[in-house]
1. Taking interchain pairs and intrachain pairs at least six residues apart, which have beta carbon atoms under 7 angstrom, with the first residue in region 430-441 and under 20 Å from Thr303 (Cβ atoms) and the second not in a helix (DSSP H, G or I)?
2. Taking region 333-362 as the region of interest, how many residues are of a type outside the set (Ser, Thr, Tyr) and in a helix (DSSP H, G or I)?
3. Test Ser208 against the criterion of being out of contact with any strand residue (DSSP E or B) (no Cβ under 8 Å at 6 or more places or on another chain) and either assigned by TED's automatic domain parsing to the domain that holds Ala49 or in contact (Cβ under 8 Å) with a residue 60 or more places away in the chain (or both), and give yes or no.
4. With (1) at pLDDT 95 or above; (2) in contact with a helix residue (DSSP H, G or I) (Cβ under 8 Å, 6 or more places away or on another chain); (3) buried (at least 18 other Cβ atoms within 10 Å of the Cβ) as the list, and Arg170 as the residue in question, which single condition is left unmet?
5. Can you tell me which residue is nearest to the ligand (Cβ to nearest atom) among those in region 247-271 that are within 28 Å of Ala312 (Cα to Cα) and in contact with a helix residue (DSSP H, G or I) (Cβ under 6 Å, 6 or more places away or on another chain)?
6. Considering only region 226-314, give the helices (runs of 4 or more DSSP H) lying wholly within it that have at least 1 residues that are assigned by TED's automatic domain parsing to the domain that holds Phe156.
7. Take the residues of region 79-104 that are buried (at least 20 other Cβ atoms within 10 Å of the Cβ) and in contact with a strand residue (DSSP E or B) (Cβ under 9 Å, 6 or more places away or on another chain): which is nearest to Lys197 (Cα to Cα)?
8. Can we say Arg302 is basic (Lys, Arg), surrounded by fewer than 17 Cβ atoms within 10 Å (Cβ to Cβ) and over 30 Å from Tyr148 (Cα atoms)?
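The values are calculated or read from the model by the stated rules, or taken from the named source; none is laboratory data. Quick caveat, the model's predicted, so the values are computed rather than measured. Because the Cβ atoms are built from the backbone with ideal geometry, glycine has one as well, and the counts that use them run over all protein chains shown.
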Amino acid sequence: MAAEPQLKFYNTLTREKVDFQPIDRNNVRMYVCGPTVYDFAHIGNARPAIVFDVLFRLLRHVYGESRVTYVRNITDVDDKINARALRDHPGLPLNDAIRLVTEKTERQYREDTTALGCLEPSAQPRATENIAQMIAIIETLIAKGHAYRAAGEVLFDTKSMADYGQLSKRNLDEQQAGIRVAVDEHKKSPGDFVLWKLSDENEPGWESPWGRGRPGWHIECSAMSGRYLGDVFDIHGGGLDLIFPHHENEIAQSRCAHGTHAMANVWMHNGFVQVEGRKMSKSEGNFVTIHELLQTDKLGGRTWPGDVLRLAMLMTHYREPIDFSVKRLEEAERLIAKWPAADVSGAAPDETVLAALGDDLNTVAAIQALHALAQAANADARLLSVFAASADLLGLLPKKAEIDEAVAAEIDAKVRQRLELLKAKNFAEADKLREELTARGVQLKDGKDAATGERITTWEIKR
Ligand SMILES: [Zn+2]
């Protein structure tokens, strides 16, 4: 077996690329902030799902499938969820309405991420199933002097932590300068944030030592990562927009509660997503959900297959901003149409692809190497198994599709027609037919019959 590659990842905490050393190589642990389930996930949400799925696949390859634990939470308590429940189900008791909204959205999220080729994480805990763990952490923080009660809330005391702000590299004075008007007079410092707040009878709530209430957002991730991965774990991921305040506050809560030097050793963040060169927003009219891309003609007047969306996302390095455009999707589609369908057979992946991914998830270089390998495998079937293993590492393995007989007969007829055109040296028309078939996912392979020397063409379909 080949030597295990030394993985290197850019750590937001230290602002440098470092060699990755797992705390326990028999259980490599990563946590990624998951969706707040009140609406369809947009393509900005698709990026961390895809990027950290590639990381999950890489870690499983290097350390072993059963030796990686990937936790992605589901935020199912949030004021946006309450508002959506009241709007969509006005006649129902609030808890029932909330359950309808969160269950539907959670199901949709799973369908979307599956269509994007993402593996299921090892665990997908819900916030509402971890309230007891949140209350326990808040009690510890109060007991250790890191949290206080004021005006119906429990707040984290940012001044109580000497090195608060180490992830976002903001000091407290800078943060305060950025906060407008002191509306929150009950806070000791403007940067103090909510751990628990009281609920009225129209809001969801749980009994706690501080009265019936609900948790703040940040405490959820401290509770769920601690429960599933321990006080200190290997990798914490999420979008760039989560660095401050969300991740900063997760670190503050977890470290102060557990008395540790770190919450996670490596912090990885993916860049922003734009659509057709502009920031995505509902008012701009360029707000696109994963569901719309897969099922409707919202972008480019057509639907897009999940593997094309995934490849388009991975054609930019995860830390760079990405511009999601029809042009980029078409480029991804043209590329993947040239790749052979294959099955994973236990072969080792290509070393160039593996080395590129091990170098801070350089998917751009990995895809270049994979494309070269695809072309080589098209010419030499012995390379198919290496191609399959490499493509699978990126979650981009084209699958052989099941096709019905009528479609197969129609394709056969077109392939024969093209052979006749080639025989008649009508190359322009023959190319047109090939393009038409390629656009439908049909891949042609020209060759010669060994016995007769006659030109033959075989074909396969990929989606
Ligand atoms: Zn989080």
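1. Pairs found: Leu437/Leu444; Gly441/Ile461; Gly441/Lys462; Gly441/Arg463.
2. To start, the set of residues in region 333-362 that are of a type outside the set (Ser, Thr, Tyr) comprises 333-344, 346-351, 353-362.
Of the ones still in play, those that are also in a helix (DSSP H, G or I) are 333-337, 351, 353-358.
The number of residues fulfilling the criteria is 12.
3. On the way: out of contact with any strand residue (DSSP E or B) (no Cβ under 8 Å at 6 or more places or on another chain): no; either assigned by TED's automatic domain parsing to the domain that holds Ala49 or in contact (Cβ under 8 Å) with a residue 60 or more places away in the chain (or both): yes.
Spelling it out, it is not the case that Ser208 is out of contact with any strand residue (DSSP E or B) (no Cβ under 8 Å at 6 or more places or on another chain) and either assigned by TED's automatic domain parsing to the domain that holds Ala49 or in contact (Cβ under 8 Å) with a residue 60 or more places away in the chain (or both).
4. (1)
5. Here is the first cut: in region 247-271, the ones within 28 Å of Ala312 (Cα to Cα) are 247, 266-271.
Now narrow it down to the ones that are in contact with a helix residue (DSSP H, G or I) (Cβ under 6 Å, 6 or more places away or on another chain): 269-271.
Details: His269: 12, Asn270: 14, Gly271: 18 Å.
Taking the candidates together, the pick is His269.
6. Values: elements: 248-258, 290-295, 306-314.
Those helices (runs of 4 or more DSSP H) span 248-258.
7. Ile81
8. Numbers: basic (Lys, Arg): yes; surrounded by fewer than 17 Cβ atoms within 10 Å (Cβ to Cβ): yes; over 30 Å from Tyr148 (Cα atoms): yes.
Judged against the criteria, Arg302 is a match.
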